[in-house]
Amino acid sequence: FDGDFTLRQWVPETFPVAISDVIDNHLLRESNITPIERLAAMNDLLVMIMEIGLSCSRVPPSERMDMKEVVVGLRRIRQKTRMIEGQFKYIRR
């Protein structure tokens, strides 16, 4: 990043339209699903994760998400991830 431009500024500018530019491509690879399936399934999860991350890094800190809310959000993400994984296993059998 050049000058005063920060990661905190860059992510909201790419969110949610170009979220794949923010996420490491290796995190999105899964050998048992097609790229289109992967993108569709992971998009919602990535948006949820980024929303939590952006909320937790707000300036000023008083506007940041409460940690109890973060835990609730992360549990929802985990539940949705498990549901998606189950769907892919079902589709591939």
### Query
Accessible surface of ASP4 in the full protein assembly, 1.4 angstrom probe, to the nearest 10 Å²?
140 Å²
### Message
Using amide H atoms built in the peptide plane, which far-off residues or other-chain residues are under 5 Å from SER57 H to H?
### Response
none
#### Entry: Nitroxide proxy distance, nm - points 7 Å out along Cα→Cβ at ASN43 and MET67
3.5 nm
### Query
Each residue of the stretch 50-66 in turn: what ³J(HN,Hα) in whole Hz from Karplus with 6.51, -1.76, 1.60 and θ = phi - 60°, glycine and Pro shown as x?
5, 4, 5, x, 5, 5, 6, 10, 5, 10, x, x, 5, 8, 6, 5, 5
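Taking the highest mean first, how do the peptides 71-84, 45-58 order by number of other beta carbon atoms within 10 angstrom per residue? Let's see the in-between values first.
Numbers: 71-84: 12.8, 45-58: 15.5.
Packing order, densest peptide first, comes out as 45-58, 71-84.
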## Note on the structure
With label points set 7 Å from each Cα along the Cα-to-Cβ direction at THR14 and SER57, the distance between them in nm comes to 1.0 nm
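The values are calculated or read from the model by the stated rules, or taken from the named source; none is laboratory data. Quantities reported herein were computed from a predicted structural model and do not represent experimental measurements. Don't worry about glycine lacking a Cβ; one is built from the backbone with ideal geometry, like all the others, and counts go over all protein chains shown. Ligands, DNA and RNA are stripped out before the accessible areas are found, and what is left, the full protein with its side chains, is counted by its heavy atoms. Shrake-Rupley method; radii C 1.70, N 1.55, O 1.52, S 1.80 Å.
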